[in-house]
Each structure stands twice: as C-alpha cells, then as structure tokens.
C-alpha cells in the first residue's frame, strides 16, 4: 500500500510516497550526496560513511536511514560537509590517486568522481600501504593498497552470488579482503564469477584482462611507474589538476575502447552485459545494473569465458571433403557445391530426403531462416533443433496443462517465491546466475528450498529439505504429494473451479499414488512425502524449477505434466512468485523453437497442419508449403539408417557427440549423400561432413536471443567476423539464394520484422523496442505490450482454462545385473557441454582441465578407487574411459559423469536410443553400466586449485559491525559533534 | 560413405601471391587517402630537415633509460619544489584581476608623481603642517585606500577562498585547471613519447 507523508529537506517541505531511505529520497529530488560503498544492486553496506546527512539534528548514514513522517533532513552545512570530508579522507588514506596511470580510469571510477564532486584538493591522512601481497589468479586480482574497504565485493560474494568466499577481516591491524580463511585466491572456494570486480568502485578488485591494457600510460614498466607516481605527488598543488589530466586521458580512452552490449552465449539465463574491446582483444565483460535478467551478476563463463572467439582453432574458411580429407575452399566453391548436390538430391529423391537442424546457440532470426529454407526453398518440414535433446518434454507437459510452453514468470518471480522446489536440476552449476537469486532469497529473505535430486549438488546442500528419490521416479512422488494434498483438503478449490477443467477425472487418476506405494517406488519415506506436501500447503507461493533430471527419461513429458498438475491443484499459477519454471539450458533453446525450427510448427507454435496458418505463410513467402509434419532429430537419424534421408544440414550443433548412442548416430552420418555442418570449430560432427561452413559466434553478429523467461534481448556486433567466417543468417541466405530463394535481408531486424508479421505470439517484437538493454517477454501484442507474468487472466487453452492431465508412471529402463552402476550425467559450472568453447580458456581449463567421474566413498572403498584411478564404464551401447574423483556428492552405486568432453569420456558413448515416449527426447538419464578399474593410480583429474576444494566462510554481508567495534573507529558524525562541543 | 576424418589441407598461398595481395591492399589505401598522405609527406620532410626525426628516433630507441633518467633528475626536492612553486605562481597570477587593479595603478602613478614634485618643490611648501594635509580630500582618500589594504591583509584567507568558490566556482576551476593542465600535461605526457613495455 502506498503511504504518503510530508518531510522537510533543507527547510523545504516535500511529499514522500512509500517508505524509502533518505538516500533514495534525496536521489529522487536530485540532491546529490557522496556515496562510495552504496551500490543499487547491493543496497546499504554502511562502511564508507561518506553519505552522512542530518535527520532531526542527528548525523546519520543516508543509505541506511529510513525516512519517516515529519523528518527534518539537512544535507548542507559546514558540519555535514566536515563529517563527509572526514569519511572521504579515511578512504583516501586507503587509496592512492594515480588516476592517469590507472587501468580503472575510464570515467567510472567512483573515488575519482567523488573527489572531483566534493572539490577535494588535499588529504590529511596520507595514503599508506596495508603491507599485504597483491592477490591474483588468471581471472582477476586484488590490490590491498588500493582497497577502500567499502565491502561491496564481500556483499556481492556473500549476499548476491552467495558463494561466501570473501570477507573483510576487521580484526587485522590493517583490515583487508580475504578469501576463505585468508587463503590465496587459487586455494579458495572462489568460483571466479566476477561479481567482486564488477561491483568494485575502483581498481582494487580488477579483471586481469584490463591490466596494463586499458590506459595509454598504464603499460609503463613498474620500475618507471612508481617514480612517475611519486614525482606527480611531489609536484601537485591540489587534486584538481591531477583529476583534470586523468579526465582528459579517460576521454581519450573512449576513442580506443569499444563497449558493446551483448547477450551471453552460454546458458538459458540470458545474462546481458557490455563487452569492452580493443580491436579483437577483450579487456573485460561489464554487466550493467539495467540488464533485465542478471543485473550485475555473471558466472565464470559469461564473465571470463570468451577466449574461444579469438582461438586459432576457429574455422575461417569453408571446407570440402575430397579423397584425402578436407580442403579449404573459397565461399563461392562451397556454395556452388552445395547448390549442385542439394538440387540433385531434391530432384532424385524429393524434398523430404533433406533435413535441417537449427542451433540453440544461434539467434532467433537464424532459426527463422533455417525453417524458412527448409519449408519455403526446399519444401520439407524436416527441421528441428536441440531442444529435442532437452526441453521438449517440459514444453509438452506445459502445453497439455496450461497451453504455453514457457516459464510462468520471470527470474524475479523465482526470487520472490516463498517456496522453491528444484527437481532434477543442478541449477547452481547449470544456470548459475538464476541460482544466485534462489540462494540469496533463501539466505536473506527466508525463502524455503526443497531439492529432489540424485546428487547432493550445491543447491541440495543448501536446501531446507533434500530428498533423493530413486532414479526416474519423480512422477510417483509428485503424484503422491498431489494426492496427499487433495486428501487433506489442501487443494485450492476456488482456483480449480474458476480456472481448471477435468478436475474430478484427474483426482480419480491419483488413486494408485498412495504414500506407501510412492515410498516403495521412490525410496522416499512417507514423512518426507508429507513434509513436502505440508511445505507447499504452508507457502503462499510455490515455484517449481526442473530440468534434465526430469525430462531426459522415458516418461519425461509425463513427469513434467505431473509438476504442472501439482501447481494447478495448489493454485500456484496466475500470481507473482508462483508457477512452472522449466530451466532452459542454452542461451536460445527457447527462441529456436519459438521461431519455428520444429517439424510440426511454424514460428509461434502454429501448426503446419493448420491450413489458415499455412496459407498466411504461403502468401508471404510466395510458395506452396508442405502440410505434413516432418522428422524430428531422432527420426532423422533413423531415416538415414533406413536410406530415406540423404542430406542433412546442421548448424551450431555437435550432434555427433551430444545425441544419445553416438556410435549409432555417427554410423548414420557416414551414410549421408550430403552432410553440411556449419560451426565455429571443427567439431566431432564436422569430421563426418562433406562440407563444413565457418560461422561466426554471438560476439561477431547481430540478432536476438530468448532466455528461459521468454525474454527477447538484442545482441550487437562486438567485433568483425574472424577470417572468412560469416554470421549464420548470412550463410543460410547465401544457400537459399543459390537455390532460387531470392532473399534480400540487409540486417537481422528485417528478418525479425517478417517473423513478427507472421507470428501472433511475437506481433509487437521489433528492434526499436529491443534497443540497448530493453527486452520483451512473449507473448508480445502488436502495440508492444509484453507479458512478464505469463498467465494473468486465464490459460492459453480453450475457454481460457487449464487442464489437469492424468499421467501414468513409465518405469525407467532396466539393465542386466552386470550393469550395476547408475550413470547420472549433466553439467559442471565451469565448462559448457562438450567444451569446445570453454576449454579454449586457459584460465578455466587451468582450474578444470578434464572431465572426471564422481564416485561415492562407498563405491570407492568397494572397488579400490582413489582420486585419479582410471576406470572403464561399459553399457550395452558402448564404453568410456575416465579418471575418478571420490566425493560425497554422489551416493552408493550412483556415479556422475559430466558431459564436458568430446573425447573418450563422452557420456553418449554409453547412452541408448531409448526416448521419451511423447517427444522422442533421448533418455540420457536412464543408463547403467559396469565399472572396471583400468589403472589404479593416477593424478587426480581435478587440481587442488579447483574451487571445490575451498572452504567457504558464510556470513551475512560484510559484517560492518566488526568495523564499528574497532578501537580506532569513531563515527564521523560523533567526531564532528565532539569538535563542535570543544570549540563551541 | 563419409568416414570421420580430421585431415584439413589449408589453402596454400605462395609468398609471391601473398606479397601481391598485400601490395594491392597498400596501393588501394594510398590511393584512397592520397591527399592526407601527400600533406603528411610535406610535414615529415620539414621535420626531417630540422633533424627532429633523428632526435625522436634516438629518444624512442632509448626510451626506458631516458624516462628513468628524467624521473631520477626530477626527484630532487629542489626540482620538485621549483615545479611546484611555478605552478603556485601561475595560480597566483591567475587570481589577479588586473582590470580592477588599473585605477589603483593610476593612483600609485599619481602618488609617485606627486612625491617627485614634492621632492623638487620649495622648502616652505615641504613644511606644511600635518593638520593641513589631513584636511586635504586627496590625502584622506589615499589613507582610506591604504587602510582598506591593511584590512585585507588581516582577513582570513580560507574564508575568502570559500566565498569565491561559492560565488563563482566555475571561474575558479577554469583558471586553475587550465594553468595546471599546461604544467601537468607537460610532465605527464613525457611517457607518451617513450616506448611502452
């Protein structure tokens, strides 16, 4: 509720609405107050004391003081200025002003700017060294002598990223930031997410990419630099001159350093940030507070994982296969070859003998063009994308029950939910920035977290309730909990009556799912099941997050449906903080399907079988379109084996390593008459190609990505394409034009305009509305109104009502007794999938050089396994060789094999061709194997400098009380009052 | 049947072909920028004639050593003191409003003329009593100016300074910054001419 009251600011009465801090109030009135520790994304930290003002005659920190009715605020006056100056002087005692030779002098140094604004000419407290070593690793470095102890980095680490590595040791003679228990960075639990260097107001915590590179003079040798600084200090007569020179130098830097907004190319969270570049050299990634999905947050990949862009291994020329292997050719030759082969195959075998696979790494516009190429130019619906490997079951579950296959709300809804249930999702590693919102809400705001997973991953460790169901049994416990809730009368009757159909039939379908049955199948105790039900009942809002642990099973769509059913029964839709959140894995896995790279749907999920829809596309494209749904990824592989599919064009997808049962897939590739692979690297899949086309990664092109929140965001070109590589949309257009497409797009915005004009779901999407950090969450009406909360008035099903869809449990695959090890698999924080991007980062690879197999203590003891023991896992479909790491993250005979390699440890040599019965999504998680020790002794696959060996030190924020309790600390306001008292 | 292969043969560009391409690139660049290049050549010619190119070349060649020596020679307190003093003097000059001083200078001139006249006049005129002098309006005006000057000397400098900032902060900043910029830039720009690591 809005509360309005009056206050006085510098003798002027003003009206205030809502409770806010004095600083927030002053900001709205454009009254500037110095502030150094305050950061809008972190809130009041209270360490710097520079924002002191007077409220009702008392000196207070304006950042943390709540304004109340009739308060009398004073911001000017000699005494207030004096108090602020005392605070600032203490800061300058900790930070040396050598701005012109500082890499942080880019117009955004907050100390520089505050000194300038306060017209400070001299300091009383001389700058002195803290006599502590500079801390550094290959990602960032900390210079204690430049650190003002504002604590922003600690606040970000403890309360925003919630990795809980950094603290300030206030008990030291000269306090400074420390890692864990004062370890070197490399021995600590630091995950190199970069929050600390992003929020640092100065050059204390800085990305190493900036060092000696950002300024014109910052590369001067250290031996000359120090005398230069001393000389400047000796001859300066006041800081104004120094600041003027450094301001000019900072302005000069703007000419040389380019700052370009982009959207991260890794996971589905959709982090956006500025990339600072000098030519092709990346100096740093600078997230912005205005970034809608992530604010100032990043993970190690988004912040530091961009070396691949300049890798020497990048493809820079098209390749054509000949008798001896591949030869580099010019574009013209490659395109002519493709035209002749495609035309020949289409003429001889018909359009359905060709198939197309779009990429979830590429843009929406590129997905649109890929399906347009397939449908309009070739005349086939054989087009799909990698969501077939991951998220199709989740989408299916939501289509069945609520009508839209997307997250119910935004990441902010996840943060504000009273209860989070995470099922089969290693979200702290797979969607690190999204997970920070859960960790923060739990740590600071009392959010409750239930985790259901096989493996004790980070979120599981933090959970209020962690349950470990038997593999593939989630549907059973979800249904049992739903039944228990109904039996207790805890279901939301009013919501069901108003918004949901088929309630009674569904309730009846729950009959078999008694607590005892569920307990027997899932191995969860009845108490655990009841506890889950009770927590859902007690929470006003519940959001359920799920991922591949649910979807990659024979019954993945049904389990996703069961999740949505539970949410409907408890009324957890149509309100902020509640709903279904299938966490999308790739940067644009959502958008690739949204924009039509699906065998049965046009963009916006319009059926190819719908004549009126097809007619609209036919009119726009000027061709007749096929009306029968095409082949999905899995069916494509089978069709190749059957000899029906002759040509395959894959872009940005290492299908030969990421599909299941890859021996089978690779054998299919060998049978193709024409195999075109478009990628930025020579991937495993490329090895089977006839033509390889060099594409450009996200930093080298424009377009849009859609994140897990259905949020469409623009990326801008950071640098020109490397060598002769080209953005995918240009390549697809070139191929289409070889085949008579007559396309003439000059810019991706024109592609989006065309797509939006044909797609009611995206009607109002255009580049102007997405400029800079602006974004839109679909559905987007023609007037540009978007939909952050997906369901407000009703559901996207007939009559606006949701449907409770009864489901039955599909038992997971069973294996012979010899295959006694259950092989769980998934992501790691620091590498992305098969790792062709992240292994190019020397810094990341240094921390995590290889894939490894997590083995439980019990299994290790039974089989004589130690860290570094090399084992062979053999399933009925193939085998892998990998080194072991003994850990309590897994239990019993369950092992965990991260998917981060395309070598001999690649998980998909083990997986089968078994799929989800409704969507054909491979059942990656249903695999058992036998384990043999090959080499007993070996080096641990994980170096000691990996963060997993660190010892985090949780505390709330920076613990400013520690500073205030120091004997040498006096609040500047008290000091001023005392001086005034003494001197009258 | 396409078996997996990792063999890739790069397009071989012969050194002659590579050279031909690069020369063509260079030629295009020259033609496209011919006016600027011709002007630059004239400028370089002048610099060359004055022998400056040799000086700069030598300086760049020994940049690290030179920078160290310059910095070492400037580290003496006398040197830094004199640089600092020169900045301060510049600051003082900047604060003087000579326009306002003009009438005062005229008056001092007049006073000096009178003084000379008195020195050269008759003895009787020199013996005018103090009393009659105090009655003279010019004498009274002169004394009031001197008293104002004395009062000015006794005023608190800090307070006056703050007043000036409050009344016209921009003027003060402008004067000072430009003076300092000239001096500071001279020092700070030394390394711009020297080699970076």
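Readers should treat all values here as calculations from the given coordinates under stated rules, not as data from a laboratory. Small disclaimer: the values here were computed from a predicted structure and weren't measured. Cβ placement follows ideal geometry from the backbone for every residue including glycine, while neighbour counts extend to all protein chains displayed.
Calculated FRET efficiency, residue A:260 and residue A:747, Cβ-Cβ r, R0 22 Å, to nearest 0.05? About 0.85, to the nearest 0.05.
Suppose R0 equals 56 Å; then what is the FRET efficiency for residue A:251 and residue A:888 from their Cβ-Cβ distance, rounded to the nearest 0.05?
Values: r = 55 Å, r/R0 = 0.98.
With R0 = 56 Å, the Cβ-Cβ based efficiency is 0.55.
Please express the Cα-Cα pair-distance distribution P(r) of the range A:1-82 as a list of whole percents, one per 5 Å bin, running from 0 to the bin with the greatest distance. Pair shares across the bins are 3, 16, 29, 26, 16, 8, 1, 0.
Exposure proxy ranking for A:690, A:384, A:79, based on other Cβ atoms within 10 angstrom of each Cβ and starting from the fewest, stands as A:79, A:690, A:384. Here the protein assembly as shown carries DSSP beta bridges of which approximately 60% are antiparallel, counting only pairs with both residues inside. Inter-part distance, the range A:900-961 to the range A:637-653, computed on C-alpha centroids, equals 30 Å.
Quick check: convex hull over the Cα atoms of chain A, volume per residue in Å³, rounded to an integer?
Details: hull volume 180.4 nm³, N = 984.
Output value, Cα hull per residue: 183 Å³.
When both the range A:467-494 and the range A:321-373 are represented by their alpha-carbon centers, they are found 48 Å apart. Once divided by 2.2 N^0.38 Å, the Cα radius of gyration of the range A:110-155 becomes 1.42.
Remark: the range A:613-661 is approximated by an ellipsoid whose semi-axes, taken from the C-alpha gyration tensor as √(5λ), come to 28, 14, 10 Å, largest first. In this entry, the range A:299-387 is assigned a mean projected area of 8.4 nm², taken as a quarter of its C-alpha convex hull surface. Taking every residue in A:679-688 and counting other chain Cβ atoms within 10 Å of its Cβ, the average works out to 2. Working from Cα pairs under 8 Å separated by at least six residues, relative contact order for the range A:640-742 is 19 percent.
Per residue of A:310-321, how many C-beta atoms from partner chains lie within 10 Å of its own C-beta, taken as a mean? Don't jump to the answer; show the numbers that get you there.
On the way: counts 0, 0, 0, 0, 0, 1, 1, 3, 0, 3, 0, 4.
Average per residue, whole number: 1.
Relative to the longest principal axis of the Cα atoms of chain A, the long axis of helix A:432-445 lies at roughly 50 degrees.
Which whole number gives the average, over all residues in A:238-249, of C-beta atoms from other chains lying within 10 Å of the residue C-beta? Before the final figure, lay out each step's value.
On the way: counts 5, 0, 7, 13, 3, 2, 8, 9, 2, 2, 4, 4.
Per residue, the number of nearby Cβ atoms from other chains is 5 on average.
Name the shape class, rounded, prolate or oblate, that the alpha-carbon gyration tensor gives for the range A:821-949, where a ≥ b ≥ c are the square roots of its eigenvalues, rounded holds for a/c under 1.5, and otherwise prolate holds if a/b is larger than b/c and oblate otherwise. Oblate is the answer for the range A:821-949, as a/c is 1.5 or above yet b/c matches or exceeds a/b. In plain terms, the residue of A:239, A:607 with the fewest other Cβ atoms within 10 Å comes first and the most crowded comes last, giving A:607, A:239.
Using the Cα atoms of the range A:404-582 to build a convex hull, what is its mean projected area in square nanometres? List each step's numbers first, then the result.
Values: hull surface 36.7 nm².
So the Cα hull casts an average projection of 9.2 nm².
Ordered by the number of other Cβ atoms lying within 10 Å of each residue's own Cβ, fewest first, A:143, A:126, A:610 fall into the sequence A:126, A:610, A:143.
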